[in-house]
Amino acid sequence: MDGLLLIDKPGGISSHDIVQAVRRAAGQRKVGHAGTLDPLATGLILVALGRATRTLEYLLARDKRYEAELHLGQRTDSYDADGEIVSTHDGPLPDQATIDVQLTAFRGEILQKPPIYSALKRGGEALYKKARRGETVELEARPVTIYELTLSDWSPPYLTLHVHCAKGTYIRSLAHDLGEALGVGAHLSGLRRTAIGDFSLAQATPLAAIRAADPATLRGWLLPLGAGLSHLPSFPVDEAAHLALSRGQSLDGPLLSQAGPVRALDAAGNLVAIVRWRADRGWQPQKVFLSAPNG
């Protein structure tokens, strides 16, 4: 089967566990997810099946929304509640007005260092493996974008933030860095992802239902192959162009402001291919998803 599943991940399991559960329920191996959630975190995860796995690189680029709970006054080595406590602040905690002022520095494009306990690789090895051996690794700050950052609740020592951010943003690092800016330290004590691109948590199916479903039920929950790619520009193709793309041939076509990736859609709005513009070849297929009906 081909398509996307929206799943509400519970806490205490990995994103890979979600993929494995879908593989068992669907009875197929070709399954992947569009963005890792740490075991501590809950909420929306996109799972692609079959040919939809070829769209994952575009889904990974979508913006995300979170509700993040921070524990002020306590630092951990992993920047979240699963890590070892490394320091505790014994003095008074900041008031809400002070927190609001510090939040302004974390909006827009900022520089952020990823946590050492992460799946990022250095020298071909995941950083968390180096951290577990006690190795010191110098990490460079990377630009990330936070579109929206608001304080939802302040019940000392816990505060809740609404975060709308671009890909590559580590909420654990955001929690740690805000704690440092406030001078008291902090770690991420809870995280729930509420949206990815156009998809919201309200659309998601609980993991327990996925595990209990048979393949026919699972198929009924699938979203179409091209779901989630509305952020990419598109143009329609007729049957002749569809046939050409399915054969790997390039097309003449409309000049768009974006060279690619661009969706080529059939008359019914189905995703035929992802194409890119090349000045010497026109629209060149990068990934073809739908064979031509008369091909």
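No value in this document is a laboratory result; all are computed from the given coordinates. Quantities reported herein were computed from a predicted structural model and do not represent experimental measurements. Positions of Cβ are generated from backbone atoms using ideal geometry, with glycine treated the same way; all protein chains shown enter the neighbour counts.
Some observations on this one:
- Within segment 195-221, the set of residues being surrounded by fewer than 19 Cβ atoms within 10 Å (Cβ to Cβ), outside any helix (DSSP H, G or I) and either aromatic (Phe, Trp, Tyr) or in contact with a strand residue (DSSP E or B) (Cβ under 8 Å, 6 or more places away or on another chain) (or both) comprises 195, 200, 205, 206.
- Scanning segment 78-115 for residues that are in contact (Cβ under 8 Å) with a residue 60 or more places away in the chain, polar (S, T, N, Q) and part of a helix (DSSP H, G or I) returns 98, 102.
- Applying the set (1) touching a helix residue (DSSP H, G or I) at 6+ places or on another chain (Cβ under 9 Å); (2) touching a residue at least 40 places away in the same chain (Cβ under 8 Å); (3) surrounded by fewer than 20 Cβ atoms within 10 Å (Cβ to Cβ); (4) part of a helix (DSSP H, G or I) to residue 232 leaves exactly one unmet item: (4).
- Count - residues of segment 26-56 that are surrounded by 22 or more Cβ atoms within 10 Å (Cβ to Cβ) and assigned to a helix (DSSP H, G or I): 3
- Some residue of segment 200-208 being over 21 Å from residue 18 (Cα atoms) and of a type in the set (A, V, I, L, M): no
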